[in-house]
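Chemist: Submitted below is the structure of interest, expressed as structure tokens.
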Amino acid sequence: MNSISHSIRFITLISTILTIIPISDTYSSPDSQTYDIKTDFTIVMIIPLIFNFLNLFGSLYICYRTYLLWKYDYDKFIPLSTRFPFYIAITDFLFSMIIVIDFSYSASNVTVLEDEGIDGVVTWPSPYCEMLGLLNTSFILLNMTLVGAISVTTWLRVVRECYFNWGKYDYKIWFPIIFVSFIIPLISAREFGAQKYW
């Protein structure tokens, strides 16, 4: 019961913080902004950075706890209930890392907006922008397909009582997911590039 109380307090704290953030009038025309562009840009940058850092710390914590299990019980078979959250933590870590790198660059170049106004460009230079776009799409697909594969595997295990041998380190799950997650974005690699803000 104590953990539920802490969860409710945490959600209330986050909700309170989000409600006191000044937000421009959504239904007005873009020319009549309530705040200057730097304030709006800062709000858009700070919230994703905070939550992605929280996601990074949570993913690192799951990886650390799984490492401790493997370190002290190396000969013991680690069950799927421990491995699957570890795999999801890996993909979440990769995705959050790309988002933090992308948003950090944009947030560190906020002076461009001060100097050049709304016409200032705060995107990555050309080859890096395409690489970040490719990695971002790949890691999103990696996370989504892994969660889908884990859902199907869990359903087959619980409902149909089908048990599979996924090989050492579950490579039979990882290989097709990694293959699909990186081949699909490579097909459209020329379409990745700089837009207005990222």
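Chemist: Does Pro85 satisfy being out of contact with any Phe, Trp or Tyr (no Cβ under 8 Å at 6 or more places or on another chain) and modelled with pLDDT of 65 or more?
Modeler: For Pro85, the condition - out of contact with any Phe, Trp or Tyr (no Cβ under 8 Å at 6 or more places or on another chain) and modelled with pLDDT of 65 or more - is met.
Chemist: If you go through the stretch 29-37 one residue at a time, do you hit one that is touching a helix residue (DSSP H, G or I) at 6+ places or on another chain (Cβ under 7 Å), under 20 Å from Ala107 (Cα atoms) and at pLDDT 65 or above?
Modeler: Yes, the stretch 29-37 contains at least one residue that is touching a helix residue (DSSP H, G or I) at 6+ places or on another chain (Cβ under 7 Å), under 20 Å from Ala107 (Cα atoms) and at pLDDT 65 or above.
Each row is one residue, and each column tells you yes or no for (1) surrounded by 13 or more Cβ atoms within 10 Å (Cβ to Cβ); (2) at pLDDT below 85; (3) within 20 Å of Trp174 (Cα to Cα); (4) touching a strand residue (DSSP E or B) at 6+ places or on another chain (Cβ under 6 Å).
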{"site": "Phe51", "(1), (2), (3), (4)": "yes, no, no, no"}
{"site": "Tyr67", "(1), (2), (3), (4)": "no, no, yes, no"}
{"site": "Asp75", "(1), (2), (3), (4)": "no, yes, no, no"}
{"site": "Ile101", "(1), (2), (3), (4)": "yes, no, no, no"}
{"site": "Tyr105", "(1), (2), (3), (4)": "yes, yes, no, no"}
{"site": "Thr111", "(1), (2), (3), (4)": "no, yes, no, no"}
{"site": "Glu116", "(1), (2), (3), (4)": "no, yes, no, no"}
{"site": "Thr123", "(1), (2), (3), (4)": "yes, yes, no, no"}
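Chemist: Could you grab me the full set of residues in the stretch 170-198 that are of a type in the set (Ser, Thr, Tyr) and modelled with pLDDT under 70?
Modeler: Tyr197
Chemist: I'm checking my understanding of the structure. Among residues of the stretch 134-192 that are at positive phi and either aromatic (Phe, Trp, Tyr) or touching a residue at least 60 places away in the same chain (Cβ under 8 Å) (or both), which one is surrounded by the fewest Cβ atoms within 10 Å (Cβ to Cβ)?
Modeler: The extreme case among them is Tyr169.
Chemist: Which ones in the stretch 122-140 are closer than 25 Å to Ile90 by Cβ, more than 12 Å from the chain's Cα centre (by Cα) and among the small types (Gly, Ala, Ser)?
Modeler: Residue satisfying the conditions is Gly133 alone.
Chemist: Here's something else I'd like to know. Being among the small types (Gly, Ala, Ser), closer than 25 Å to Ile50 by Cα and at pLDDT 85 or above is the filter here, so list the residues in the stretch 125-158 that pass it.
Modeler: Across the stretch 125-158, the qualifying residue is only Ser138.
The values are calculated or read from the model by the stated rules, or taken from the named source; none is laboratory data. Keep in mind that what you see is a predicted model, and the values were worked out from it rather than measured. Note that each Cβ is placed from the backbone with ideal geometry, even for glycine, and that neighbours are counted across all protein chains shown.
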